[in-house]
Amino acid sequence: AAMTAVPLPKRLIINCDDFGWDEPATQAILELGAAGQVSSTTVMANFASAAELRELAQLASPTLSVGLHLTLNAGQPLSAASQVPSLVNADGQFYSSSQLWQRFLQGKVRRTELRLEIAAQLRHLAAAGLDLTHADSHQHLHQYPLLGPTL
């Protein structure tokens, strides 16, 4: 007997990244989440304030999932700069995307430091009471050959 394929219901997921980047974006995401107009958001752990994370934790539910928006190319790391020197400049700021890519190509980015900072960002959001369901990255860093396997 031939099997008949049963079509699966389609579901549109609308994710707002950059939660924590700045106040206007963060407030818009909170408002859209509260109104049920977005499915999920991803958080820039090194930018979001404690108050913003508390507000997001109150909104998070089966209808609003929360993930990590891994950020390794903007702002400061959550790890001490001395623990991730291959990822930061002399001012303790992450390198820009293009600088990080150049450093990667030159073999100057250490996988152990990537793991350390990724873990710090995950721990920070977990400590804020967020149950993470997914992850993406700022400016698509997860597509970098070194970062993909590290994740």
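Could you go through the stretch 81-99 and let me know if any residue there is within 30 Å of L30 (Cβ to Cβ), touching a residue at least 40 places away in the same chain (Cβ under 8 Å), assigned to a loop (DSSP other than H, G, I, E, B) and not acidic (D, E). Checked the stretch 81-99: no residue is within 30 Å of L30 (Cβ to Cβ), touching a residue at least 40 places away in the same chain (Cβ under 8 Å), assigned to a loop (DSSP other than H, G, I, E, B) and not acidic (D, E). Condition check for T42 on (1) in contact with a Cys (Cβ under 8 Å, 6 or more places away or on another chain); (2) not in a strand (DSSP E or B): one failure, at (2). Here T71, T63 are screened, and the one residue that is under 30 Å from L12 (Cβ atoms) and surrounded by fewer than 16 Cβ atoms within 10 Å (Cβ to Cβ) is T63. Just one of the listed residues (L68, L8, L72, L56) is aliphatic (A, V, I, L, M), within 15 Å of the chain's Cα centre (by Cα) and over 18 Å from T133 (Cβ atoms), and it is L72.
Exactly one residue among S49, S39, S61 is touching a strand residue (DSSP E or B) at 6+ places or on another chain (Cβ under 9 Å) and of a type in the set (S, T, N, Q), and that residue is S39.
Of the residues making up the stretch 80-132, those that are more than 21 Å from Y144 (Cα to Cα) and not aliphatic (A, V, I, L, M) are S82, Q83, D91, G92, R123, H124, G129, D131.
Every condition in (1) within 30 Å of L116 (Cβ to Cβ); (2) modelled with pLDDT of 95 or more; (3) in a helix (DSSP H, G or I) is met by Q27 except one, and the failing one is (1). The residue of the stretch 90-141 that is nearest to the chain's Cα centre (by Cα), among those that are within 22 Å of L64 (Cα to Cα) and charged (D, E, K, R), is D136. If the condition is being closer than 17 Å to L78 by Cβ and in a loop (DSSP other than H, G, I, E, B), then the stretch 100-138 contributes R110, A128, G129, L130.
Considering only residues that are more than 29 Å from A74 (Cα to Cα) and either part of a helix (DSSP H, G or I) or not hydrophobic (A, V, I, L, M, F, W, C) (or both), which ones fall in the stretch 1-24?
T4, P7, P9, K10, R11
The values are calculated or read from the model by the stated rules, or taken from the named source; none is laboratory data. These numbers were taken from a predicted model, which means no experiment stands behind them. Methodologically, a virtual Cβ is constructed for each residue, glycine included, from the backbone with ideal geometry; neighbour enumeration extends over all protein chains shown.
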